[in-house]
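Below is one structure, written out as structure tokens; comments come after it.
The values are calculated or read from the model by the stated rules, or taken from the named source; none is laboratory data. All values reported here derive from a predicted model rather than from experimental measurement. Please note: Cβ atoms are built from the backbone with ideal geometry, for glycine as well, and neighbour counts cover all protein chains shown.
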Amino acid sequence: MNKKYVFLSHTADAYFAAYGKTLEEAFENAALAMYEVMTDTSKVAPSIEIQVEVKGFDEYSLLYNWLEELLFYTDSEQLVFSEFHVEKIEKENEEYVLRGTAKGEKFDSSKHESRNQVKAVTYSLMEINRKNSLYEVKVVLDL
């Protein structure tokens, strides 16, 4: 499968499935799908890079915390992102840890399309599956 993500049907919110050959790649593509809900990511220049480290008690809370951390930068600093790199996801002691980066720029209404405002990531219908050699994560975003 060459698709990074697909949008799924949902009555009120944004729902997507993101894919990857590794869990890290699936998390990267989940972030890309989330920002595609907000704007056309092809028009977001990767001029600002942020370092991200989040922890979770399982892979679900790690996915939630990854997306919420990125959303924090959008809400607090008006940054939108178009490139994501999850260096690694690993279990340290009793916690899962994700280390990665996101690249983007400040939202500029003259350059960036304003689509939907994402209020929050949810656990509703969240899934993390491995099917043969492909990871799939599903996420609902509260709009």
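General remarks:
- Looking only at the stretch 1-32, and only at residues there that are over 21 Å from residue 143 (Cβ atoms), among the charged types (D, E, K, R) and at pLDDT 95 or above, the one that is nearest to the chain's Cα centre (by Cα): 28
- Of the residues making up the stretch 49-106, those that are surrounded by 17 or more Cβ atoms within 10 Å (Cβ to Cβ), β-branched (Val, Ile, Thr) and more than 18 Å from residue 39 (Cβ to Cβ) are 52, 54, 86, 89.
- Per-region count, the stretch 114-135, residues part of a strand (DSSP E or B) and either surrounded by fewer than 19 Cβ atoms within 10 Å (Cβ to Cβ) or at pLDDT below 95 (or both): 7
- Those residues of the stretch 6-36 which are surrounded by 15 or more Cβ atoms within 10 Å (Cβ to Cβ) and of a type in the set (D, E, K, R), in sequence order: 13, 24, 25, 28, 36
- Filter result for the condition that a residue is over 26 Å from residue 11 (Cα atoms), part of a loop (DSSP other than H, G, I, E, B) and modelled with pLDDT of 95 or more, over 103, 111, 91: 111
- Residue within the stretch 35-58 that is charged (D, E, K, R), in contact (Cβ under 8 Å) with a residue 60 or more places away in the chain and more than 22 Å from residue 115 (Cα to Cα) present: no
- Residues located in the stretch 78-99, provided they are in contact (Cβ under 8 Å) with a residue 24 or more places away in the chain and on the phi > 0 side of the Ramachandran plot: 78
- Residue 71 vs. criteria among the aliphatic types (A, V, I, L, M) and under 12 Å from the mean Cα position of the chain (by Cα): yes
- Odd one out for residue 75 among (1) of a type outside the set (Val, Ile, Thr); (2) in contact (Cβ under 8 Å) with a residue 24 or more places away in the chain; (3) over 24 Å from residue 130 (Cα atoms): (2)
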